[in-house]
Ligand SMILES: O=c1[nH]c(=O)c2[nH]c(=O)[nH]c2[nH]1
């Protein structure tokens with residue numbers, strides 16, 4: 001009558017904190033993460049026949065993350081995600097695929113009396129680093145890295161004109177507008193044949209994250225943006241140039257609108273065009289512009 005066509009299960013929102021204490025300097029470093037693990041394999045009977053013998057309990061998955069965090073470095077998160085995923089497909093014969101998503105939260109070292117403090121940190125914004133690893137039994141490990149919730153705004157240096165006009169078009173062209181977005185940016189690594197290949201990448205995961213972040217912020221600020229589309233394409237292009245092991249780069253950018261307010265009804269107050277100073281930030285609707293860019297010859301739209 002019916003059949004199971006898709007199944008995966010695991011533990012979401014595993015909260016994890018790890019401290020590294022440098023005995024030589026007395027400096028401590030901290031990492032805080034939220035992990036999701038999802039397993040696939042020969043688990044059908046647990047759904048269809050209540051056969052729990054094939055279930056690696058979600059609590060076991062959580063305990064495994066804690067144990068692996070104690071036994072291994074948790075940074076870069078790409079490597080830690082690969083270690084967790086690899087563990088599940090190698091430990092359980094009937095588990096063939098493991099998805100591991102790690103969100104790293106920001107703890108930025110405090111500067112106190114002009115010096116980096118040895119053990120105090122603050123949250124400098126809601127920006128997160130997001131890593132997704134998929135370990136497939138006998139078929140390598142794929143890794144996607146990214147940045148999310150990075151809120152930026154520029155008060156000028158953005159235009160939008162020359163777009164299609166017809167009887168449905170009301171939007172005026174503009175040569176000077178506010179541009180604001182919450183950056184979601186990602187990059188897909190080449191597939192790694194085994195865990196040792198991921199380990200060999202070493203510091204290049206962090207370097208790619210730093211480069212992508214810097215490219216995003218620098219291009220956002222410096223580009224005389226003709227559109228969100230063109231600016232995000234320039235960002236992708238630079239990420240591909242900066243990270244040779246990356247196969248594609250992508251962005252998903254909401255266009256967070258700021259509307260001019262006509263105040264001329266009040267004593268002829270001038271607040272539009274070149275006189276605009278007070279704006280109404282819009283929470284919705286927002287534009288949403290997305291793209292993925294690969295190296296030439298590899299893929300088409
Ligand atoms: O950069 C933009 N791209 C669009 O596609 C678009 N559409 C729109 O209304 N404003 C904008 N801005």
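The values are calculated or read from the model by the stated rules, or taken from the named source; none is laboratory data. Since the structure is predicted, the reported quantities are computational estimates derived from the model, not experimental observations. Cβ coordinates were reconstructed from backbone atoms using ideal geometry, including for glycine residues, and neighbour counts include every protein chain displayed.
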- Item | Residues satisfying the stated conditions in region 220-237, i.e. surrounded by fewer than 18 Cβ atoms within 10 Å (Cβ to Cβ) and farther than 14 Å from residue 159 by Cα | 233, 234, 237
- Query: Here are some residues: 193, 200, 243, 211. Which one is at pLDDT 95 or above, closer than 29 Å to residue 87 by Cα and touching a helix residue (DSSP H, G or I) at 6+ places or on another chain (Cβ under 7 Å)?
  - Reply: 243
- Where residues in region 249-269 are within 16 Å of the ligand (Cβ to nearest atom) and under 16 Å from residue 178 (Cα atoms), which of them is surrounded by the fewest Cβ atoms within 10 Å (Cβ to Cβ)? 259
- For residue 272, work out the one condition from (1) in contact with a strand residue (DSSP E or B) (Cβ under 8 Å, 6 or more places away or on another chain); (2) away from the ligand (no atom under 16 Å from the Cβ); (3) under 17 Å from residue 293 (Cα atoms) it doesn't fulfil. (3)
